[in-house]
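Q: Sharing a structure with you now.
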Amino acid sequence: MGARASGVAVAVQCFTKLATIRYHATMSQERQPSAETTSPVSFSHEIAREPLCTADRLEQERRQFVVDKAAREAKRFAQDLETMAAGGKAAEYLVDGSPADMIPEEVVPLLDGTLVVVDEPIDEARSILEQRIVTLCRRRDDGLTNDEFCQAIANVYQQSPAMRRVQEMAHQITSGIEHLHAGEPMISIGAFDPSIYIDRVLMRRVQQDGGNSALHCYGTALLARYKEQNDADEHLYLHTASARALLDACDAGNVQLADAAEWELVTERDSRYGNAYAWMSREIIKMAADRTGHLVADDEHRAVPQPTGEPAADVLIALLNQIATRGIDRTSDLPMPTEAVRLREGGCKDVEAYFAQAYMMSTQPAMGETAIADKRFISKTHGAHTFLAADAVRYCGVEFPPGTAWGQFGDGYAPLRLTGFCFDQNTAATVFGAEYMANVPEASQRAVHDYFRRIVQA
């Protein structure tokens, strides 16, 4: 363990200067998305000049992404504090349900027992501030936010010692976070004084803010840190043996991943619809249907990666190779869709969980076996009405394996994504990450998985 940690530390030290320069040069381009966007970043392939395989390069980019994400979250926290301390929108916060512990003591006389003049109707809420009962009113009309009452509130916030302390802490965070952004794994922001009420409040807010992964209280000290690999990273598809095998096979076959695929592997940004492996399986479906897929740089995919012996990687490789070699063949075993295919509809991260829950329902059966064009399926009506293929099924000249989820679009059918039922339970849990059947009681997961595997392997 110690040797491994030492090796990681050396690797990080060697990479820090190069990664920081390259990352910021790349990520500062106009097309770089914000943390909230769903658009892919275009990673520069200049790094190909370095003696790094794709898997190693993407793992390094992941580390830098984690650092910068932590810095952004800390900066957002500081900006929220600055906004409140400045007082410009303080009245809006107050009347819209701001936590009572952030109300400066000087504001209480303006609120206590006072009904603010607002347009009807008035929604009243009661909050406790240091044993005082304060009446808060919700303003329905934004046009009232610049009246005398709001201005008085803003003035009190600006002059309040408590808010000046909040602003001071926000400045310390903003200043210190630049060091974290530059790659230092832990920095000291400042210290709290538990004898000061607002310091106790700030300590609680740091500890309770679920959207902030960087700021932490250690006793009375405020520190900012990032972890090279946290619990979320542990379950990232990029860190699995399957991803390593897939990326190495692509390198060996001169198959270049699309920028969107690299971005997905690094960020796994869309957890609602599954991890990077689920995402890649949907992109292959798009490619099979001659829609624009974003898995490889060239959708025509002339290069052919070789099998690796790793089952989940090899399923993707087999599908890619079928697309490469099918020629003009676009035959399908099932009727083709007569409506637009929406791969996310019924193909979210919980596909396996919905099938498992349908199987475990003791009343009102929501699952049954059915045949479509002589192909066996398990039909499920719990959640979206979807189908689990018990046979290999051909779609646009590409044969998708048993265990693939399918959807009906008009009078026809299309695959939605690969599921964990394509693999044994251990492989499924590894490649689909921590959320694989997360909504199914852990004690039931293996038995349920084995049930579906027996059907698709029959």
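Matching residues to (1) within 18 Å of residue 388 (Cα to Cα); (2) of a type outside the set (S, T, N, Q); (3) touching a residue at least 40 places away in the same chain (Cβ under 8 Å):
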{"site": "334", "(1), (2), (3)": "yes, yes, yes"}
{"site": "338", "(1), (2), (3)": "no, no, yes"}
{"site": "353", "(1), (2), (3)": "yes, yes, yes"}
{"site": "357", "(1), (2), (3)": "yes, no, yes"}
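Q: Further question: Take the range 374-389 and flag every residue that is in contact with a helix residue (DSSP H, G or I) (Cβ under 8 Å, 6 or more places away or on another chain) and over 22 Å from residue 458 (Cβ atoms).
A: 381, 382, 383, 384
Q: Those residues that are modelled with pLDDT of 85 or more and either among the hydroxyl-bearing types (Ser, Thr, Tyr) or touching a strand residue (DSSP E or B) at 6+ places or on another chain (Cβ under 9 Å) (or both), I need them from the range 226-247; list them, please.
A: 237, 240, 242, 247
Q: Mind checking whether some residue in the range 345-357 is within 22 Å of residue 407 (Cβ to Cβ), small (Gly, Ala, Ser) and surrounded by fewer than 20 Cβ atoms within 10 Å (Cβ to Cβ)?
A: Looking for residues that are within 22 Å of residue 407 (Cβ to Cβ), small (Gly, Ala, Ser) and surrounded by fewer than 20 Cβ atoms within 10 Å (Cβ to Cβ), one finds none in the range 345-357, hence no.
Q: Working carefully through the options 245, 261, find the one that is touching a Leu at 6+ places or on another chain (Cβ under 9 Å), in a helix (DSSP H, G or I) and not assigned by TED's automatic domain parsing to the domain that holds residue 392.
A: So the residue among 245, 261 that is touching a Leu at 6+ places or on another chain (Cβ under 9 Å), in a helix (DSSP H, G or I) and not assigned by TED's automatic domain parsing to the domain that holds residue 392 is 261.
Q: Please work out which residue is nearest to the chain's Cα centre (by Cα), limiting yourself to the range 230-289 and to residues that are closer than 18 Å to residue 318 by Cα and polar (S, T, N, Q).
A: 281
The values are calculated or read from the model by the stated rules, or taken from the named source; none is laboratory data. The structure displayed is predicted, hence computed values, not measured ones. So basically every Cβ, Gly included, is an ideal-geometry build from the backbone, and we count neighbours across all protein chains shown.
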